[in-house]
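No value in this document is a laboratory result; all are computed from the given coordinates. What you see is a predicted model; the values in this text were computed from it and never measured. Here the Cβ positions follow ideal geometry from the backbone for every residue, glycine too, while neighbour counts run over all protein chains shown.
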Amino acid sequence: MDQALGNLAVLQVLPSLVTGGVERGTIEITEAIAGAGATALVASGGGRLVPVVERAGGRHITLPLDHRLPWTIWCNAARLEALIRAERVAIVHARSRAPAWSAWLACCRTGAHFVTTYHGAYGEDLPFKRRYNAVMARGERVIAASRFIADLIVAQHRIDPARIRVIPRGIDPAVFDPATVSGGRVDRLAQAWRLPEGLPIVLLPGRLTGWKGQGVLIEALARVPNVCGLLVGSDQGRDAYSQRLIRQAQGLGVADRLRLAGECDDMPAALMLADVVVHASTRAEAFGRVVIEAQAMQRPVIATDLGGPVETVEHGVTGWRVPPGDAGALAAAIAAALAMPADERAALGSRARNAVLQGNTVQGMQQATLNVYREVMGLA
């Protein structure tokens, strides 16, 4: 236990607790705060992961932080100010832009310390968007999930690099461990998803949205015969996109070799099903957690050559990188990975897992974040 944090209250704010990397990071840090003996508070608009926050040792406060209208942001600032005063919150950790504006205003009024995690390469396609994004660079410490994001923050917001702390995302090596996944768990998923026997499985994990590159993988499947593509992730109610992917597969003649599995509650087992795991995002990701999850499971990984995966996939050593949106290059990489001799695949998988264990564990990420809290409190 980190005794220096034992009498502090730390409040994390985010829009909701439904699904995604922001939510998962919030839960992991809630666990770390509670484990350090401090009070772990989370404010959001709620969602199905609220009980998970509570099981991690946190207390959830429901506020309309999932609304982005200026008036709501202003009202939320008053709500957060009252919460900070009532709970004697020392540190507010903001994880998304609209809640961050409310939290920043509340911290200015109360004197609470303000920390942010810059979770993504936020778009600037609309007027004033950079100014809206800039709140994520206003933290006394700004946590970046990768060097790519740290460089982007400096370039776009001109802040002192000394305020930035690069803390990569992490996995629990006891959960993402091929030695602990039973054959029964793998068979359950294979049967539920009606996977064809005898065909290699190429898995793309991630929510169904255009920039995650599901369409690129479908196009690549048309160039690699006798392979089954498996898309694991929720469409979050966007059924039109799922239907578009199905029509694309039908048009390319690969619909019988494509499965849309939806949300999965056992990703280690899903990864063990895969002969190759693909990250095909066409937009730069801040980190790309699915990459290290697959590497921890010793799966061959092919990732887009931009954003965070550039830092986690050493080309030809722990996986392969291909240009974004290039279905031909992806198809060639899939074919090469499947053609590898078994001993070379095993050696690549071992190197990949070792790299993750050295630099990308949840425990390392948690301790580094607690160290940031100590810094802003003057305890480091």
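Worth pointing out:
- The per residue volume of the convex hull around the alpha-carbon atoms of segment 166-243 is 160 Å³.
- Highest to lowest packing among 215-221, 266-272, 44-50, 90-96, scored as the average C-beta count within 10 Å: 90-96, 215-221, 266-272, 44-50
- Listed residues Val322, Gln367, Ala144: farthest to the positive end of the dipole of the chain (Cβ charges): Ala144
- Tensor-based shape of segment 296-364 (alpha-carbon gyration tensor, a/c under 1.5 rounded, otherwise prolate or oblate): oblate
- Taken over the C-alpha atoms, segment 82-182 has Rg and Dmax values of 16.4, 53 angstrom.
- Projected-area mean, segment 114-242, by convex hull of Cα positions, square nanometres: 12.0 nm²
- Highest-MSF residue in the chain out of Leu189, Leu273, Leu126 [GNM, Cα springs under 10 Å]: Leu126
- With only the Cα atoms considered, segment 1-146 has a convex hull volume of 104 Å³ per residue.
- Span per principal axis, largest first, for the Cα atoms of the chain (Å): 62, 44, 38
- Among beta bridges from DSSP that stay inside segment 178-359, the antiparallel ones total about 0%.
- GNM top mover of Pro225, Pro127, Pro324 - the chain, alpha-carbon springs below 10 Å: Pro127
- Projecting the Cα atoms of Pro178, Phe128, Asn354 onto the dipole axis of the chain, where Lys and Arg carry +1 and Asp and Glu carry -1 at the beta carbon, places Phe128 farthest toward the positive end.
- Calculated [θ] (222 nm, deg cm²/dmol) that DSSP helices of n ≥ 4 give over the chain, each run adding -39,500 (n - 2.57): -13000 deg cm²/dmol
- Segments 132-140, 160-168, 16-24 sorted - mean Cβ within 10 Å per residue, highest first: 132-140, 16-24, 160-168
- Taking the Cα centre of the chain as reference, the dipole from Cβ charges on Lys and Arg (+1) and Asp and Glu (-1) amounts to some 960 debye.
- Difference of contour (0.36 nm per residue) and Cα-Cα distance, Phe128 to Ala174: 12.1 nm
- Here segment 178-359 yields Rg over Rh of 0.93, to two decimals, using C-alpha coordinates and the Kirkwood radius.
- Calculated Rg and Dmax of segment 152-203 using C-alpha coordinates, Å: 20.8, 55
- Translational diffusion coefficient (Stokes-Einstein; Kirkwood radius from C-alpha pairs) of segment 252-380 at 4 °C, 1.567 mPa s, in µm²/s: 80 µm²/s
- Our coupling estimate for segment 46-55, obtained by passing each phi through the Karplus curve with A = 6.51, B = -1.76, C = 1.60 and θ = phi - 60°, is x, x, 5, 8, 4, x, 5, 4, 5, 5 Hz, Gly and Pro reported as x.
- C-alpha center-to-center spacing [segment 178-211, segment 74-135] in angstrom: 39 Å
- Positive-pole candidate from Pro300, His119, Ser234, dipole of the chain, charges at beta carbon: His119
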